[in-house]
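Worksheet: the structure to be examined is printed underneath.
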Amino acid sequence: MPQPTRRALLASPALLLPAVARAQPFPDRPMRMIVPFPPGGAADFLGRVAAEPMAKTLGQPIAVENRTGAGGNIGTAVAAQAEKDGHSILLNGLPYAANRFLYASLPYDPDQDFTPLAMLAVVPNIMVVSKDLPVRNVAEFVALAKAKGAHYASIGNGTSLHLAGAQFTLAAGLDMTHVPYRETAAANSDVMSGRVEVMFQTISAAAGLVKGGRMKALAVTSAERVPAFPEVPTLREAGMDLVSVGWFGLFAPRGVPEDRVTRLEAATIAAVNDPAVNARILETGSLPRPLPGAGFARFIAGESARMGATIRAAGIRAD
């Protein structure tokens, strides 16, 4: 019987199977985006608004999965243990940089367990006071706080709102007392009534109250003014050399193949650059920031250094 030629062997379908498997498109099944924060907040909104165009680009649905608890640590740990094939991604933000300084230990390693894919947006806070507080600007508030003392509210110890208030307190040379709340409505209520003098609230949570005249906005904490409140100055414009913003971006578990990381990064950048997505982000008071993975990693390193300095100086602990 004649022996098969080398050409015939190479053409055998059975021998070609491994090459076909290697060429299998990614993603090849539905994906999930783990959001370690509650539904309805800025993180959840950004995740869902980005997931829709990303799903169209990638050709697979992306289910947003809220895994909350411990300041984002629970969901982040779940993502760290996810399969390393790119079908599970993580949305995280300021807690990713700050939690290592707030908690005695973490159930994941932010330096080793993830690859930054791309940044989505920065989330400025807005400095709000009661409409009846006798101040018209940041300088007058600082003078009042130095003369009479003041309290600042947040929605919990170690949250981004707490850290924004702590940074302002340090930068202004004040001795303000932090008052943590369990929910936004209660914090807003006490600011409006004057029981707490100031809060560095998210713009989405304060916008209606400010525009309705129930609170006064003294400044926004971003480097530039916010389109949702173009008349409100930045802290820098108000004489405080301070930028303090929340931010969010996407991560892949470390170990996802480089070509898949590149595809996920491109899909994320395209989503943020989509005009409709861009407009929806701006409407909430956030600022789109389609920063690729390498730049995002450098940004996170800078945020980690900044947060570490603030948390140490203010003596903040979350557990």
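The values are calculated or read from the model by the stated rules, or taken from the named source; none is laboratory data. The structure displayed is predicted, hence computed values, not measured ones. A quick note on method: Cβ atoms are made from the backbone with ideal geometry, for glycine too, and the neighbour counts reach across all protein chains shown. Accessible surface is based on the protein model in full, side chains and every heavy atom, while ligands, DNA and RNA are left aside. Shrake-Rupley method; radii C 1.70, N 1.55, O 1.52, S 1.80 Å.
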Within region 134-156, the residues whose backbone N lies under 15 Å from a label point placed 7 Å from the Cα of GLU237 along the Cα-to-Cβ direction are 137-139
Quick calc: nm separation of the 7 Å Cα→Cβ label points for LEU170 and ALA294 -> 3.1 nm
Contour minus Cα-Cα span, GLU140 to ARG317, at 0.36 nm per residue, comes to 60.7 nm
For the chain the mean separation of alpha carbon contacts under 8 Å (6+ apart) over residue count, i.e. relative contact order in percent, is 26 percent
If every Lys and Arg gets +1 and every Asp and Glu gets -1 at its Cβ, then about the Cα centre region 36-151 yields a dipole, in debye to the nearest 20, of 540 debye
Computed from every Cα-Cα pair in region 82-230, P(r) in 10 Å bins starting at 0 and rounded to whole percents is 10, 36, 31, 15, 6, 1
Loop-resident GluC sites (Glu not before Pro) in region 226-319 with no more than 11 other Cβ atoms inside 10 Å, DSSP not H/G/I/E/B, are GLU231
Here the residues of region 27-48 lying in the modelled label zone of GLU65, meaning backbone nitrogen under 17 Å from a point 7 Å along Cα-to-Cβ, are 27-39, 44, 47-48
Carbon and sulfur atoms account, in whole percent of the 1.4 Å probe accessible area of region 45-172, for 53 percent
In Å², rounded to a whole number, the accessible area per residue of the chain with probe 1.4 Å is 45 Å²
The answer for the chain, counting only DSSP H helices whose Cα atoms cover 30 angstrom or more along the axis and whose Kyte-Doolittle average is -1.0 or greater, is 293-314
Among (1) 18.8; (2) 16.6; (3) 24.8, the value of mean projected area of the Cα convex hull in nm² computed for this structure carries the label (1)
The rounded separation in angstrom of the Cα centers of region 261-319 and region 48-87 is 16 Å
Residue span ASN273 to GLU83: 0.36 nm per residue of separation minus Cα-Cα distance leaves a gain in nm of 65.6 nm
A convex hull over the alpha carbons of region 172-305 yields, per residue, a volume in Å³ of 150 Å³
For region 100-173 the trypsin sites (Lys or Arg not before Pro) that pass both the DSSP coil test and the at-most-11 other-Cβ-within-10 Å test are ARG136
